[in-house]
Amino acid sequence: EEVEFQEFVAEAVAVALVHQEVQSRLRERLKEMRCLYNVVLMADNPDLSLNEVLKGVADLLPSAWQYPDKAAGRVVLDDHGYSTRGFTETAQMQSAAIIVGGQRRGSIDVAYLTERPRIYEGPFLKEERHLIDALAREGSGIIEHRQARQDKARLEDQLRHADRLATIGQLAA
């Protein structure tokens, strides 16, 4: 009876540990999804300038990482940096390139400001590598979309100007 009881307790403890691990992983994925969702919301807001969006992305970065109170984020685009307060490059840092039109235009960086314990692949989770890569792709898309809107507005202005010149030419003729 005692052996059965100990087996029952061992099984219950194992189930509890697995449950705790699953809950922890779920919380981490939820933070990552919330970060991506908020980035998309900012990108779709036409009232925000590109600078405001990039600063907002930098501010959102730490909240998605495993140790948000020890993390700092930075977004760099064309030598302009947008970072959270206290950002410094450290030995424990992740980075992903922002590629626009096939050219590297900047990066998204997350650094731990204090030494964090090393887990399987370092201080960062494997999913955090996927997240920073996804954020860099999203950043590239935001920049391309904003540039396309600016180009469209510029072309429309040129078309209106050419139309006015054609009308003036017809009137002069």
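The values are calculated or read from the model by the stated rules, or taken from the named source; none is laboratory data. This is a predicted model, so every value here is computed, not measured. Backbone-built Cβ (ideal geometry, glycine too); neighbour counts: all protein chains shown. These accessible areas exclude ligands, DNA and RNA; they are computed on the full protein's heavy atoms, side chains included. Shrake-Rupley method; radii C 1.70, N 1.55, O 1.52, S 1.80 Å.
Kindly list the number of the only condition in (1) touching a residue at least 40 places away in the same chain (Cβ under 8 Å); (2) open to solvent by less than 40 Å² (accessible area, probe 1.4 Å); (3) assigned to a helix (DSSP H, G or I); (4) touching an Asp or Glu at 6+ places or on another chain (Cβ under 9 Å) that fails for Leu54.
(4)
For the range 74-96, name all the residues that are closer than 15 Å to Leu54 by Cβ and at pLDDT 90 or above.
Arg74, Val75, Val76, Leu77, Asp78, His80, Gly81, Tyr82, Ser83, Thr84, Phe87, Ala96
Would you check which residues across the range 93-132 are among the small types (Gly, Ala, Ser), touching a residue at least 40 places away in the same chain (Cβ under 8 Å) and surrounded by 17 or more Cβ atoms within 10 Å (Cβ to Cβ) and list them?
Ala96, Ala111
Count, please, the residues in the range 58-79 that happen to be open to solvent by 30 Å² or more (accessible area, probe 1.4 Å) and farther than 18 Å from Glu138 by Cβ.
Filtering the range 58-79 down to residues open to solvent by 30 Å² or more (accessible area, probe 1.4 Å) leaves 59-60, 63, 66-70, 74, 76, 78-79.
Next, from what is left, pick out any that are farther than 18 Å from Glu138 by Cβ: 66-70, 79.
Residues that pass the stated criteria total 6.
So, in the range 136-160, exactly how many residues are in contact (Cβ under 8 Å) with a residue 40 or more places away in the chain and among the aliphatic types (A, V, I, L, M)?
3
Given the structure, is Leu135 open to solvent by less than 40 Å² (accessible area, probe 1.4 Å) and either on the phi < 0 side of the Ramachandran plot or modelled with pLDDT of 90 or more (or both)?
yes
Output the residue which, of all residues in the range 35-51 that are part of a helix (DSSP H, G or I) and over 25 Å from Arg116 (Cβ atoms), is least open to solvent (accessible area, probe 1.4 Å).
To start, the set of residues in the range 35-51 that are part of a helix (DSSP H, G or I) comprises 35-43, 50-51.
Checking which are over 25 Å from Arg116 (Cβ atoms) leaves us with 37, 40-43, 50-51.
Details: Tyr37: 139, Val40: 60, Leu41: 88, Met42: 36, Ala43: 13, Leu50: 47, Asn51: 88 Å².
The residue in question is Ala43.
Give the residue, chosen from Thr114, Thr84, that is under 24 Å from Met42 (Cα atoms) and in contact with a helix residue (DSSP H, G or I) (Cβ under 8 Å, 6 or more places away or on another chain).
Working: Thr114 fails: under 24 Å from Met42 (Cα atoms).
One residue alone meets the criteria, Thr84.
Collect the residues in the range 103-119 that are part of a loop (DSSP other than H, G, I, E, B) and either hydroxyl-bearing (Ser, Thr, Tyr) or in contact with a Lys or Arg (Cβ under 8 Å, 6 or more places away or on another chain) (or both), keeping them in residue-number order.
From the range 103-119, those part of a loop (DSSP other than H, G, I, E, B) are 113-118; that's our starting set.
Listed by number, the residues that qualify are Leu113, Thr114, Arg116.
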